[in-house]
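Here the structure comes first, spelled out in structure tokens, and everything after it is commentary.
The values are calculated or read from the model by the stated rules, or taken from the named source; none is laboratory data. Fair warning: this is a prediction, and the values are worked out from it, not measured in the lab. Ideal geometry is used to build each Cβ from the backbone, glycine not excepted, and the neighbour counts take in all protein chains shown. We work out accessible area using only protein heavy atoms, side chains counted, and drop any ligands, DNA or RNA first. Shrake-Rupley method; radii C 1.70, N 1.55, O 1.52, S 1.80 Å.
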Amino acid sequence: MKRSLFLAMAASAPRAIAGEPPVEAGKAAAVAIRDFAFVPQVLTITAGQAVTWTNQDDDPHAVLSDDKTFRTRALDTGEKATLVFEKPGEYAYFCSLHPHMTARIVVKAP
Ligand SMILES: [Cu+2]
């Protein structure tokens, strides 16, 4: 059941479009990964919105939720991954490669 809450999109997006803005017509919220931190550390969105992480570091990073319900592949420099959050709630996550990197997505009801 939990698996259906998250829809992985563009998890393997071609590198050719890695620098393009999200295609969700302003619906995607952005989290940058830089200097071994997620920016912003707490991001508030509305249910149904997408979140795109972009790795701006020279080292790879990967998103993994505390409860393991969502993850991204390891993102190299400049790579992006997008997840859609359908259900309201608070979702803590960290970098599976550097577990001291922690952050949170707060999903409000629409
Ligand atoms: Cu990391």
Worksheet item: Among the residues of region 81-106, which ones are part of a strand (DSSP E or B) and more than 15 Å from the ligand (Cβ to nearest atom)?
Response: T82, L83, V84, F85, G89, E90, Y91, A92, R104, I105, V106
Discussion item. Condition first: at pLDDT below 95 and in contact with a Lys or Arg (Cβ under 8 Å, 6 or more places away or on another chain). Now tell me which residues in region 68-86 satisfy that.
Written reply: T69
Discussion item. Suppose we filter region 73-91 for residues that are open to solvent by less than 50 Å² (accessible area, probe 1.4 Å) and closer than 17 Å to A47 by Cβ; how many remain?
Written reply: 6
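Inspect all residues belonging to region 70-78 and state whether any of them is assigned to a loop (DSSP other than H, G, I, E, B), in contact with a Cys (Cβ under 8 Å, 6 or more places away or on another chain) and within 15 Å of the ligand (Cβ to nearest atom).
The answer is no; no qualifying residue exists.
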Worksheet, complete the sentence: Reported set for region 45-69 where residues are more than 14 Å from F94 (Cβ to Cβ), away from the ligand (no atom under 11 Å from the Cβ), within 13 Å of the chain's Cα centre (by Cα) and not in a loop (DSSP other than H, G, I, E, B) is I45, A50, V51, T52, T54
